[in-house]
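Everything on this sheet refers to the single structure shown next.
The values are calculated or read from the model by the stated rules, or taken from the named source; none is laboratory data. None of these values were measured; they are calculated from a predicted model. Because the Cβ atoms are built from the backbone with ideal geometry, glycine has one as well, and the counts that use them run over all protein chains shown.
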Amino acid sequence: MSVRHRSRILGLSRHLPFCRMMKNSIAVWLIALTTALSSLQGAAAEPHTAGMMARVDTGTLTSADTLTRLAPDADPEVLALGLATMQCAQLHGVAEDAKRLAIIDYSRSSLTPRLWVFDLERGTLLFHEVVAHGQGSGGNVPDRFSNEEGSHASSLGLFVTRQTYEGKHGESLRLDGLEPGFNDAAMSRAIVIHGADYVNPALGERQGRLGRSWGCPALRPGIAGDVIESLKNGQFVFSYYPARDWLTRSALTQCGLAKVEQTGGDARLLGSR
């Protein structure tokens, strides 16, 4: 893949100083991933890049092509990146038995269904829903993301789900961020999946955007319980936006990008909207 195409993956102009990063090999990216995730999980690092990528491949339950077939209205390269990043996390012992993956594309309007929940074992699409973003992330289409307490902004990257609890919005699902500096404060910030009355598409059409949360991916009350049930206890949620800082600095996302490139993915659509 050319440097020009690689820069399009990140939603950047080809004139940005991206070439230096391209000189880094996939092995360097994966070594960085090893350091970040090993500290999080206490897992032993695989010493050889070839072996690491082979282990990712053997864990695949559903291919990126299958996800694209199941969700033809989704950006295929966002789906590929979400799946590949999940596989990289599983390589390091995170939720190795997970069978569900939710992907949120925050580069889309809040009035457009931008959440997809896949059953990877059965190869089916379980849900396709609108989802709210945080007040601190912007209006109809968010453009600001944060890992900071009090920002009321959404966070990007890969999360693993934990247990449910009863909160002020009813049943809620805890999210544990796996990307240091980008979403690893999710548990302390109480970033959870929950239902909310302000996630109302009809009202949203009148006001020009969906209601917003304090950083949580909030859902319609009528569907939230079913989505939470499908994702609780060790499944994955991947939140995407073509944010240069995240895409170029997160070791886990870099592993996902490397795998998309290695498998011949045409990442031209990432960040092109």
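Selection within segment 156-175: residues that are closer than 18 Å to Ala84 by Cα and not polar (S, T, N, Q). The member of this set that is farthest from the chain's Cα centre (by Cα) is Val160. Selection of first residues in segment 246-266 that are within 18 Å of Ser155 (Cβ to Cβ) and of second residues that are part of a helix (DSSP H, G or I) and of a type in the set (Ser, Thr, Tyr), restricted to Cβ pairs under 8 Å at least 6 apart or on distinct chains, gives the following pairs, ordered by first then second residue: Trp246/Thr253; Leu247/Thr253; Ala251/Thr35; Leu252/Thr85; Thr253/Thr85; Gln254/Thr248; Gly256/Thr85. In the condition set (1) under 15 Å from the mean Cα position of the chain (by Cα); (2) part of a strand (DSSP E or B), Ser107 is compliant with all but (2). Are any residues in segment 144-175 in contact (Cβ under 8 Å) with a residue 12 or more places away in the chain, farther than 21 Å from Ile223 by Cα and surrounded by fewer than 19 Cβ atoms within 10 Å (Cβ to Cβ), and if so, which ones? Listed by number, the residues that qualify are Glu148, Glu149, His152. Residues being of a type in the set (Lys, Arg), under 21 Å from Thr85 (Cβ atoms), in contact with a strand residue (DSSP E or B) (Cβ under 7 Å, 6 or more places away or on another chain) and in contact (Cβ under 8 Å) with a residue 60 or more places away in the chain are entirely absent from segment 104-124. Kindly evaluate Ser213 against the criterion of being crowded, with 24+ Cβ neighbours inside 10 Å and either within 12 Å of the chain's Cα centre (by Cα) or within 21 Å of Leu125 (Cβ to Cβ) (or both). Judged against the criteria, Ser213 is not a match. Among residues that are more than 28 Å from Arg69 (Cα to Cα), at pLDDT 95 or above and of a type in the set (D, E, K, R), Arg122 is not included.
Would you check if Asp184 is in contact (Cβ under 8 Å) with a residue 24 or more places away in the chain, over 29 Å from His92 (Cβ atoms) and charged (D, E, K, R)? No.
Residue by residue, here is whether (1) outside any loop (DSSP other than H, G, I, E, B); (2) at pLDDT 95 or above holds:
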{"site": "Val160", "(1), (2)": "yes, yes"}
{"site": "Leu173", "(1), (2)": "yes, yes"}
{"site": "Pro180", "(1), (2)": "no, yes"}
{"site": "Asn183", "(1), (2)": "no, yes"}
{"site": "Ile193", "(1), (2)": "yes, yes"}
{"site": "Leu210", "(1), (2)": "no, yes"}
{"site": "Phe238", "(1), (2)": "yes, yes"}
{"site": "Arg268", "(1), (2)": "yes, no"}
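Among the numbered conditions (1) outside any loop (DSSP other than H, G, I, E, B); (2) out of contact with any Leu (no Cβ under 8 Å at 6 or more places or on another chain); (3) farther than 17 Å from Ile104 by Cα, the only one that Thr164 does not meet is (2).
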